[in-house]
Amino acid sequence: MAQARTKNTVSGDASLIGAGTRVRGRVTGDGDVVIGGHVEGDVVVRGDVTIEDGARCTSNVEGHAVTVAGELAGDVSASGPVVVGATARLRGNVRGAQFSMEDGASFAGRVECEFELPDGLGEDHAAPARRR
Amino acid sequence: MASTVIGAGITIEGEVTADDDVVVQGTIRGKLTSRDAVTVESGAVVEADVASGPLSVAGAVTGNITSSDRVDLQAGAKVVGNVKATRITIADGAQFKGNVDMDV
Amino acid sequence: MATRDAVTVIGRGTHVRGKVAGDGDLEIQGRVDGSVAVDGDVTIEQGGLVASDVSGRRIVVRGAVKGDLTATESIALEEGARVVGDLRAPRVAIVGGLVRGYVQSGDGQGAPRGAVKSAAVARPAVAAKPAVPAAKPAVVAAPAPSAPRAVQASNGSPAARAAQPAPQQVAHVSRERAEAPRAISLAGGAPAAKQGPPPQVVPSLKKGAKGALKKKA
């Protein structure tokens, strides 16, 4: 299976998987990755990951800052902020330092940000499990 | 302190405890406690014991009333319950059934 | 006093323990433990503490909530919001604050399994891609009389047909697929190779992305 051999067509260290490209396999690296095409396989990079509008990924994504504006089926684990754009369709769980989501996004999954509720509301509640 | 207003379309079943003044236009069933003034407006329904500062009633209260200050029943008020207050006025047209205790 | 449009304010110094229900909008500056279910808009102000499920038409959170939020129109979390619980609404916007829980917005499907309008709009070729190999022989056979290599093994192996890169749309895929059979045919027998790995690739595409995601996921 073809590993992603991304081309440096974007400034700096960013790699680009263009709109007409299909990747089947793991995408790994140190820099940033901008995905405009199809990716089936995990994306694990040290830098930022951007899934553009029109992109379709079936991937677990790991990176620093992760921005999703296209379609993603898979989990996101970010050491930085996670941004879900209005055109995004995301199914999967998200973990990040921060999480923001624009009106219009279609999202189904858990969001896990690390924080404590103010005193008076107690600890985490495990109730959501029963809902699903 | 910001005041609390229980709007006309709202029903609270349970306890309401306030540091600030409370205006009731809707329904409270349970218990109503405020350190400050309470106003039960016309159309409001309070099926609860009420403990408050000054209390003004123009609606319906069914329950015992304990006020640290005065209690005023306006015309149209309907109160069923015992009232403990420093002063009380019952306007012409108000309905009241219960005991009044002004020994503070 | 207005009835339907009355705004209810739970003041900063007020603590409600019980059920809050009814019509009208609700603004929570204080504390609510129990449940909140109103027809109107619910705003949980900064400093508000809600240990309760909340349901309403539009919910705006700037305070802390431990409970599930369900809205018929929209949920918005703004700076200062701290929510532990599920969020369910047709539109969910999180422009600030922190969340821990299940979030469901839009049609609640997240990434769809199958050809999607956005994919089709952006690149019709891509959407057509799976369709072409799966299509009737007429479609593929017509443009590809010149590459007879795979035609022989035409037990209908779609890989074989697709390997004929005649249709433009199939170009990028065929690049990938063509390489596979070619590489394998170099290593071993040609007919066997054609029925080997390539069918693994093609069936998933043939059924459309739906099949691909099902198999891969």
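The values are calculated or read from the model by the stated rules, or taken from the named source; none is laboratory data. Not measured: the values here are computed from a predicted model. Cβ coordinates were reconstructed from backbone atoms using ideal geometry, including for glycine residues, and neighbour counts include every protein chain displayed.
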- Query: Does C:ALA51 qualify as being part of a strand (DSSP E or B), within 9 Å of another protein chain (Cβ to nearest Cβ), over 18 Å from C:GLU27 (Cβ atoms) and modelled with pLDDT of 95 or more?
  - Reply: no
- Of all strands (runs of 3 or more DSSP E) completely enclosed by the stretch B:29-104, which ones contain at least 1 residues that are in contact with an Asp or Glu (Cβ under 9 Å, 6 or more places away or on another chain) and buried (at least 19 other Cβ atoms within 10 Å of the Cβ)? B:38-40, B:45-52, B:55-57, B:60-62, B:65-67
- Just name the residue that is surrounded by the fewest Cβ atoms within 10 Å (Cβ to Cβ) out of those in the stretch A:33-60 that are more than 12 Å from chain C (Cβ to nearest Cβ) and assigned to a strand (DSSP E or B). A:VAL44
- Among (1) more than 10 Å from chain B (Cβ to nearest Cβ); (2) buried (at least 21 other Cβ atoms within 10 Å of the Cβ); (3) not charged (D, E, K, R), where does C:GLN46 come up short? (2)
- Task: Filter the stretch C:59-85 for residues that are crowded, with 22+ Cβ neighbours inside 10 Å and of a type in the set (S, T, N, Q) and give the result.
- Result: none
- Query: Out of all the residues in the stretch B:57-77, which are touching a Lys or Arg at 6+ places or on another chain (Cβ under 9 Å) and not polar (S, T, N, Q)?
  - Reply: B:VAL57, B:GLY59, B:ALA60, B:VAL61, B:GLY63, B:ILE65, B:ASP69, B:ARG70, B:VAL71, B:ASP72
- Query: Is there a residue in the stretch C:61-71 that is of a type in the set (Asp, Glu), more than 25 Å from B:VAL38 (Cβ to Cβ) and facing another protein chain (nearest Cβ under 7 Å)?
  - Reply: yes
- Task: Could you run through the stretch A:18-32 and say how many residues are buried (at least 21 other Cβ atoms within 10 Å of the Cβ), assigned to a strand (DSSP E or B) and more than 12 Å from chain C (Cβ to nearest Cβ)?
- Result: 1
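Suppose we keep only residues that are among the charged types (D, E, K, R) and facing chain C (nearest Cβ under 7 Å) within the stretch A:80-107. Which one would you say is surrounded by the most Cβ atoms within 10 Å (Cβ to Cβ)?
The extreme case among them is A:ARG89.
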- Message: Every residue in the stretch C:27-48 that is part of a strand (DSSP E or B), under 20 Å from B:LYS31 (Cβ atoms) and more than 32 Å from the chain's Cα centre (by Cα), please.
- Response: C:ILE28, C:ARG31, C:VAL32, C:ASP33, C:GLY34
- Query: So which residues in the stretch C:54-113 are within 23 Å of A:ALA97 (Cα to Cα) and among the polar types (S, T, N, Q), if there are any at all?
  - Reply: C:GLN104, C:SER105
